[in-house]
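A short worksheet on the structure shown next.
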Ligand SMILES: [Zn+2]
């Protein structure tokens, strides 16, 4: 048809098509959704004040009193909104405080789980505001996200749209360093995930990307033992090869084989070997003379897989390599599964599509899914097998897990507005 038009008519036709297309991309917000956006637009200073209060609480994962104080602060924000907050303590032997859970009872719409965390990696307690940025431990990871989560709910409450919705807020107190055993620490979160349809997680966000997949993180450990004696006996049938040659063989094979798995990384973080090895939680020391065959070698590291299946495959590979040991050596291999990988899937992509639409409707542009290798492990992965899960809905920031951590304060309002519209649509 276009070919039969005169150039002028063709140009007019194309302009009209373009206008129709743009209008369709920018659907209207409902009057209620417009009210959400208007209410949040006036909340920036209150949000910054709450962020400041929370960042001034020193709450690294190991600080039990600090994490508890974070619970008290946020429970106090949620209770007046009709939530029933409860403190879920962890066993003192875990060295971690506990979690904040809060339920809003209702029967309408989808059951939504909103995830944050109370702890930080580094100690903090200092909040520095520099114009539109705030610096301090937890500003971006993830007290800023917690504030966005709370204000998305506050917005629904403010316009009278919260009643009847089924929402659970879960803020863990040990996200950055999970209390052992992991099964106990994460049982309440997994139970909450099983009871929900959709999980929204407020780890660090960005304008055009949200998280539908992330790699997991597990720790592994190798301990090689071998007969020790005069070094002149090494390579003999009686003495074998010593513990260090065997550890070196295993590590070299790990490096050669594991790198073939796409997107997977496996780091060796510490190696120690000798006649005697003394281990500490994050270190080891060894002694050994040149004329003694080493009796012991240890190595530790982590492994980050893209999918649960890939982690299984990597573990099997590692166990097979360990099993092909040099003569007279013996190796114990342990893999401790910490954060599971979060594989992308249709249910997560459905939530992403809703978030993308909310963002477009607000005039904030499209939002796409992410490359899982560019996102660290996180709590969302524990619930992802049970419900449609979307992460990365938090504050824009940089320098997480480092002294230079900072956050973009302007994104408090824009991110909570996108989250509020998404939450509103999910809970109708
Ligand atoms: Zn975090």
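The values are calculated or read from the model by the stated rules, or taken from the named source; none is laboratory data. Please read these numbers as outputs of a predicted model, since none were measured by experiment. Because the Cβ atoms are built from the backbone with ideal geometry, glycine has one as well, and the counts that use them run over all protein chains shown.
Here are the numbers for this structure:
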{"read-out": "All positions within the range 201-224 that are in a loop (DSSP other than H, G, I, E, B) and away from the ligand (no atom under 12 Å from the Cβ)", "value": "207, 208, 210, 212, 213, 215, 216"}
{"read-out": "Unique residue being assigned by TED's automatic domain parsing to the domain that holds residue 354 and crowded, with 19+ Cβ neighbours inside 10 Å when the list is 250, 198, 182, 224", "value": "198"}
{"read-out": "Selected residue [more than 30 Å from residue 179 (Cα to Cα) and either part of a loop (DSSP other than H, G, I, E, B) or at pLDDT below 95 (or both)] from 241, 232", "value": "241"}
{"read-out": "Residues (outside any loop (DSSP other than H, G, I, E, B) and under 17 Å from residue 165 (Cα atoms)) located in the range 175-200", "value": "192, 193, 198, 199, 200"}
{"read-out": "Subset of the range 387-428 (residues that are more than 21 Å from residue 358 (Cβ to Cβ) and at pLDDT 95 or above)", "value": "397, 405, 406, 407, 409"}
{"read-out": "The range 369-386 - residue that is buried (at least 22 other Cβ atoms within 10 Å of the Cβ) and modelled with pLDDT of 95 or more and, of those, nearest to the ligand (Cβ to nearest atom)", "value": "379"}
{"read-out": "Residue 289, sole failed condition from (1) assigned to a loop (DSSP other than H, G, I, E, B); (2) touching a residue at least 40 places away in the same chain (Cβ under 8 Å)", "value": "(2)"}
{"read-out": "Residue within the range 154-161 that is touching a residue at least 40 places away in the same chain (Cβ under 8 Å) and at positive phi present", "value": "no"}
{"read-out": "Spans of strands (runs of 3 or more DSSP E) in the range 79-162 with at least 2 residues within 16 Å of the ligand (Cβ to nearest atom) and under 21 Å from the mean Cα position of the chain (by Cα)", "value": "98-104, 106-117"}
{"read-out": "One residue from 136, 124, 160 being assigned by TED's automatic domain parsing to the domain that holds residue 420 and at pLDDT below 95", "value": "124"}
{"read-out": "Residues of the range 395-416 classified as within 21 Å of residue 376 (Cα to Cα), in contact with a strand residue (DSSP E or B) (Cβ under 8 Å, 6 or more places away or on another chain) and surrounded by 22 or more Cβ atoms within 10 Å (Cβ to Cβ), total", "value": "4"}
